[in-house]
Amino acid sequence: MSEERTKKVLISAGSVFILLFSLGPLLWMLAVSLSGNIDFLRSGRYLITLSNYLDIVRMRNLHFTDYMRNSLIIAAVTSLIVVVIGLFAAYAVTRLNFPHKELFVMGILAVSMFPQISIVGYLFKLMSSIGLINTYPSLIIPYVAWTTPVVLWLLTSYLSGIPRELDEAALVDGASRSKALLKVIFPVSAPGVFSAILIAFILSYNEFMFALMLTSDFRARTIPVGIALFQGLHGEIPWGYVMAGAALASLPVVLIALFFQRYITEGLTRGAVKG
């Protein structure tokens, strides 16, 4: 076998392995969620049904729709707040001259690397003392602090690739700094801002640790924790419900990735190349 053919075979085999490795859990999740008998591997009979999906939506004691609503609201509010903070902070870092601004950005990113488990106990005490346990703010506030460093890093890299002459020309024409940012820089940096919103949304939507510790029931609990606690409602693990819930919960993130991947890729790659 020639070297060129061997290379093609290895690349093809590696691609197939990565594809199966990535899609295997998803396919298994769908197979179990659509199965009428969970032990289909042992019994050899596979019955396709939508009963698991219909049950988790209809059964009020599971509160699946409440968990979904909570997750979408909390993730959306968090992503919008974080991007506003990150955009102004990134503009200040890339356009204003102040000492040690590189250390400022690196310090914020370094602080975000502390594991969540190391601070969740103190965070629980704080939220309890101010009466915010099991409310939207109890999750939005830590999510904003948790995702801001990533968004700031992304937007700083992106804005540093935009020529300063654009906002300098606006300043010469009499615009203020804030107007130059909103009227000139923001439209140019829209792909980066959009990708930052999506990343903050996905991070907040998927977060588990804070949501587990800072919520107690369906009024504020998010979908990852809600699905994990399905087993507590039945005395045994209802794998059909768990997999159906996971499939429906994954749908918003999958749709975001499919429809907006061009903006995410453009925002990330431009910042990485030009930053």
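We did not get these values from a lab; they are worked out from the coordinates using the rules stated. Computed from a predicted structure; not experimentally measured. Here Cβ is always computed from backbone atoms with ideal geometry, including for glycine, and neighbour counts include all displayed protein chains.
In the range 166-244, what is the volume of the convex hull around the alpha carbon atoms, normalised per residue and reported in Å³?
Output value, Cα hull per residue: 130 Å³.
Could you tell me how many degrees, from 0 to 90 and to the nearest 10, lie between the Cα long axis of helix 101-111 and the main elongation axis, the longest principal axis, of the Cα atoms of the chain?
20
Mind listing the phi-derived Karplus ³J(HN,Hα) values for the range 173-186, rounded to whole Hz, using 6.51, -1.76 and 1.60 with θ = phi - 60°, and x for any glycine or proline?
Computed from phi, the couplings for the range 173-186 are 6, x, 6, 7, 4, 5, 5, 4, 5, 6, 8, 10, 6, 4 Hz.
Would you compute, from DSSP H runs of 4+ residues alone, the mean residue ellipticity of the chain at 222 nm, taking -39500 (n - 2.57) per run and dividing by the full residue count, rounded to the nearest 500?
Value at 222 nm, helices only, nearest 500: -23500 deg cm²/dmol.
Cβ neighbours within 10 Å, averaged per peptide: list 33-41, 123-131, 86-94 in order, most packed at the top.
86-94, 33-41, 123-131
Return the long-range amide H neighbours of SER35 (sequence gap of 5 or more, or a different chain), with a cut-off of under 5 Å between placed amide H atoms.
Here THR49 satisfy the definition.
Between beta-carbons, use under 15 Å as the cut-off and find the net charge around LYS179, counting Lys and Arg +1, Asp and Glu -1.
Net charge around LYS179: 0.
Treating the angle as unsigned and between 0 and 90°, give the value, to the nearest 10°, between the Cα long axis of helix 120-129 and the longest Cα principal axis of the chain.
Around 80 degrees separate the two axes.
Send over the Kirkwood Rh of the range 1-61, from the inverse of the averaged 1/r over different Cα pairs, rounded to one decimal Å.
14.6
Evaluate Rg over Rh across the range 61-274, taking Cα atoms for both radii and Kirkwood's formula for Rh.
Here the Rg-to-Rh quotient is 1.04.
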